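Peer 1: One structure is given below, represented as structure tokens, and several questions about it will come after.
The values are calculated or read from the model by the stated rules, or taken from the named source; none is laboratory data. None of these values were measured; they are calculated from a predicted model. Every residue, glycine among them, receives a Cβ derived from its backbone with ideal geometry; neighbour counts consider all protein chains shown.
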Amino acid sequence: MSPATEFPATAIGPTWQTDHAGRFILPEHSIGWDGLVWAGQRLQLKAGEPWRFTAEQARWWLWWYAVDERGEFVYGRQAWLQRLKGWGKDPLAAVVLANELVGVSRFGGFRRGAPYAVEEPDAWVQVLAVTQRQTKNTMRVFPRLFTEEAKREYGLQVNKEQIYALGDTRFLEALTSNPEPIEGARTTAVLGNEMQYWRAQNGGHAMFDAVEGNLMKNPNGARFLGIANAFQPGRDSILERTRLAMDASLARPDEVSFDGIMYDSLEAHPKVRLTGDAAADTIERVVESVRGDAVWLKPARIRASVMDPKNPVSESRRKWFNQIVAAEDAWMDPFTWDSNGDASLRLEPRDEVVLFFDGSKSDDATVLVACRVADGALFPLGLWVAPPKARRGEWTAPRGVVSQRVRQAFKDYRVVGFFADPSHTREDGTADLYWKATVDKWHQDFHSKLLIWARPGRDGHSIEFDMSNRHVEGARFVEAAELFVEEADQGNVPHPAHAELSRHVKNARRFPTQHGVSLMKDGRESPRKIDLAVAAVGARMVRRQVMNLATKRGQGRGGVW
């Protein structure tokens, strides 16, 4: 059996929903039916050839324009369309924007029980991206999209970066990542192009914040559509944040709302592999399963690109399989990590735990992670990091607050091991280590409660653990990091799918050392934190030492009391 058959494509969103008979489900009410007719009459694939939706595009369109019995959009806030490269996202998005500009895009009422659509008289439409090239992908579609009759009917003036209609009463514009010209606009519809690249470093986060603020001000149902290929985990793109929010809403619907948002994607199954004698055949079958109705994508041509050794496997998977996969230097496969998650896990009072603390002064995060002795489950107990807009050095980790959280952990749980890496950061203007006095105080107060010490011996320390010590502590940590990955591959690293812990794990990159492969940031100045991942490795390491001690004492089941 082919892997593509054994592991069918993963469908997310309403476009591919079917009933018990295998028929596609369509919305009960949708003003999109009128839009389908309008597009077929006013738009064209090329000169003289009317626009035609594929069946997949038409289903997506009907769901995007679905309304409830009150005429409110079912997905009134946002739509996210994630497909493989070459699927036709830009042409479809251009049709959506044309409809929003001069077509029939708003609820007009019910007629004989069915909703009908009307125009948006104050249409102000934006095409946004973090680079000008990305906006051009959509804008280049417009000159040939409208029929000559439609151009005359609506008085369209189609320019490279703007379109005016109906005596300049309606407007479409293309803008890039400076949020200032976006702020305050009373837009009615916005397209975000290549959302996998909207990151903090290129202004993508600020631009999306401005867009959301504008759309919320419009009382008449302003909407956002984001189109993208699969994102690379750990880069903190807006698309990644949205996907994580969706996953969190599915895992914890009572805590996280995803109402009014449509996320639609067709992705190759994460277990599909590209090794072995059948790799070429597998590639073609996988492409067939994830291209949907985009039959113009030729599996044989894509196979040649995927098998070209110059193209990284991770990029081929992201572009052609629409898979969310980490880069080759990723420390942890994101699917592996997610498969270990269980949102129902809870840390209960008086649970037997070990703790690991990773301290920083201002640049990195300061974190505290607990690991339950009984099952090895990981639970972040604290994350302290500088606010996003804080200038470097103006924020420092709050030692008093952190220390209080540590003390609360000793009250709430039975802490039998506690290691802390205080870092080598010093107090301003002195030679004193920033965390040294705090860690020493923890040692003085808690050493008698701990079954294992970080540095045993007469001159040892029950808590202080220096990961940068290459010969002792560092070697132990690297060994723990390698074992952490192995155990995750086996499904033996339970965690509660905590969003920030998952983000830090997926941010981490492989770091070869003389002792083995550890983990590191993707650059010294990188804003993508990994400190919770480091503390998670440390906590599992401490738990293993406790378990080994228990075994020596003849208590192999893990209990140490």
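Peer 1: Among the residues of the range 251-293, count how many are at pLDDT 80 or above, under 23 Å from residue 226 (Cα atoms) and surrounded by fewer than 17 Cβ atoms within 10 Å (Cβ to Cβ).
Peer 2: Of the residues in the range 251-293, 3 are at pLDDT 80 or above, under 23 Å from residue 226 (Cα atoms) and surrounded by fewer than 17 Cβ atoms within 10 Å (Cβ to Cβ).
Each row is one residue, and each column tells you yes or no for (1) surrounded by 22 or more Cβ atoms within 10 Å (Cβ to Cβ); (2) in contact (Cβ under 8 Å) with a residue 24 or more places away in the chain; (3) more than 26 Å from the chain's Cα centre (by Cα); (4) in the same structural domain as residue 283 (by TED's automatic domain parsing).
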residue: 322; (1), (2), (3), (4): yes, yes, no, yes
residue: 332; (1), (2), (3), (4): yes, yes, no, yes
residue: 346; (1), (2), (3), (4): no, yes, no, no
residue: 349; (1), (2), (3), (4): no, yes, yes, no
residue: 364; (1), (2), (3), (4): no, yes, no, no
residue: 367; (1), (2), (3), (4): yes, yes, no, no
residue: 371; (1), (2), (3), (4): yes, yes, no, no
residue: 374; (1), (2), (3), (4): no, yes, yes, no
residue: 381; (1), (2), (3), (4): no, yes, no, no
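Peer 1: Here is a further query. Considering 388, 422, which residue is assigned by TED's automatic domain parsing to the domain that holds residue 530, in contact with a helix residue (DSSP H, G or I) (Cβ under 6 Å, 6 or more places away or on another chain) and of a type outside the set (Gly, Ala, Ser)?
Peer 2: 422
Peer 1: What do you reckon, is residue 423 assigned to a loop (DSSP other than H, G, I, E, B), under 17 Å from residue 535 (Cβ atoms) and of a type in the set (Ser, Thr, Tyr)?
Peer 2: In short, yes.
Peer 1: Report, by residue number, each residue of the range 118-158 that is touching a strand residue (DSSP E or B) at 6+ places or on another chain (Cβ under 6 Å), touching a residue at least 40 places away in the same chain (Cβ under 8 Å), under 23 Å from residue 31 (Cβ atoms) and in a strand (DSSP E or B).
Peer 2: Matches in the range 118-158: 124, 125, 126, 127.
Peer 1: Looking at this structure, is residue 164 in the same structural domain as residue 36 (by TED's automatic domain parsing), part of a strand (DSSP E or B) and either touching a Gly at 6+ places or on another chain (Cβ under 7 Å) or over 29 Å from residue 34 (Cα atoms) (or both)?
Peer 2: no
Peer 1: Give me a count of the residues in the range 523-549 that are in contact (Cβ under 8 Å) with a residue 24 or more places away in the chain and out of contact with any Gly (no Cβ under 7 Å at 6 or more places or on another chain). Break it down into steps so the answer makes sense when it comes.
Peer 2: Residues of the range 523-549 that are in contact (Cβ under 8 Å) with a residue 24 or more places away in the chain, as a first pass: 527-547, 549.
Checking which are out of contact with any Gly (no Cβ under 7 Å at 6 or more places or on another chain) leaves us with 527, 529-539, 541, 544, 549.
Counting residues in the range 523-549 that are in contact (Cβ under 8 Å) with a residue 24 or more places away in the chain and out of contact with any Gly (no Cβ under 7 Å at 6 or more places or on another chain) gives 15.
Peer 1: Sticking with this one: I need a count of the residues in the range 425-435 that are in contact with a strand residue (DSSP E or B) (Cβ under 8 Å, 6 or more places away or on another chain) and farther than 13 Å from residue 465 by Cβ.
Peer 2: Number satisfying all stated conditions: 6.
Peer 1: Would you mind finding the one in 21, 58 that is in a helix (DSSP H, G or I), without any contact (Cβ under 8 Å) to a residue 60 or more places away in the chain and assigned by TED's automatic domain parsing to the domain that holds residue 258?
Peer 2: Unique residue meeting the criteria: 58.
Peer 1: Of the residues that sit in the range 195-205 and are within 19 Å of residue 318 (Cα to Cα) and surrounded by fewer than 24 Cβ atoms within 10 Å (Cβ to Cβ), which one is nearest to the chain's Cα centre (by Cα)? Don't jump to the end; show me each part of the working.
Peer 2: In the first step, residues of the range 195-205 are kept if they are within 19 Å of residue 318 (Cα to Cα); the result is 195-199.
Subsequent filtering for residues that are surrounded by fewer than 24 Cβ atoms within 10 Å (Cβ to Cβ) retains 196-197, 199.
Details: 196: 9, 197: 12, 199: 11 Å.
Step by step, filter the range 195-205, then rank; the result is 196.
Peer 1: Exactly one condition in (1) at pLDDT 85 or above; (2) surrounded by fewer than 19 Cβ atoms within 10 Å (Cβ to Cβ) is false for residue 390; which is it?
Peer 2: (1)
This table checks each residue for (1) within 24 Å of residue 364 (Cβ to Cβ); (2) in contact (Cβ under 8 Å) with a residue 24 or more places away in the chain; (3) under 33 Å from the mean Cα position of the chain (by Cα).
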residue	(1), (2), (3)
410	no, yes, no
421	yes, yes, yes
433	yes, no, no
447	no, no, no
455	yes, no, no
460	no, no, no
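Peer 1: Taking residue 82 as the residue in question, decide whether it is out of contact with any strand residue (DSSP E or B) (no Cβ under 6 Å at 6 or more places or on another chain), among the polar types (S, T, N, Q) and surrounded by 14 or more Cβ atoms within 10 Å (Cβ to Cβ).
Peer 2: Details: out of contact with any strand residue (DSSP E or B) (no Cβ under 6 Å at 6 or more places or on another chain): no; among the polar types (S, T, N, Q): yes; surrounded by 14 or more Cβ atoms within 10 Å (Cβ to Cβ): yes.
Criteria not met by residue 82.
Peer 1: Would you confirm whether any residue within the range 219-235 is at pLDDT 90 or above and basic (Lys, Arg)?
Peer 2: Yes: one or more hits.
Peer 1: Within the range 476-496, does at least one residue satisfy the condition of being within 24 Å of residue 363 (Cβ to Cβ) and either surrounded by fewer than 19 Cβ atoms within 10 Å (Cβ to Cβ) or not hydrophobic (A, V, I, L, M, F, W, C) (or both)?
Peer 2: No, every residue in the range 476-496 fails to be within 24 Å of residue 363 (Cβ to Cβ) and either surrounded by fewer than 19 Cβ atoms within 10 Å (Cβ to Cβ) or not hydrophobic (A, V, I, L, M, F, W, C) (or both).
Peer 1: Since residue 49 meets every condition but one in (1) charged (D, E, K, R); (2) more than 31 Å from the chain's Cα centre (by Cα); (3) at pLDDT 95 or above, which condition does it not meet?
Peer 2: (3)
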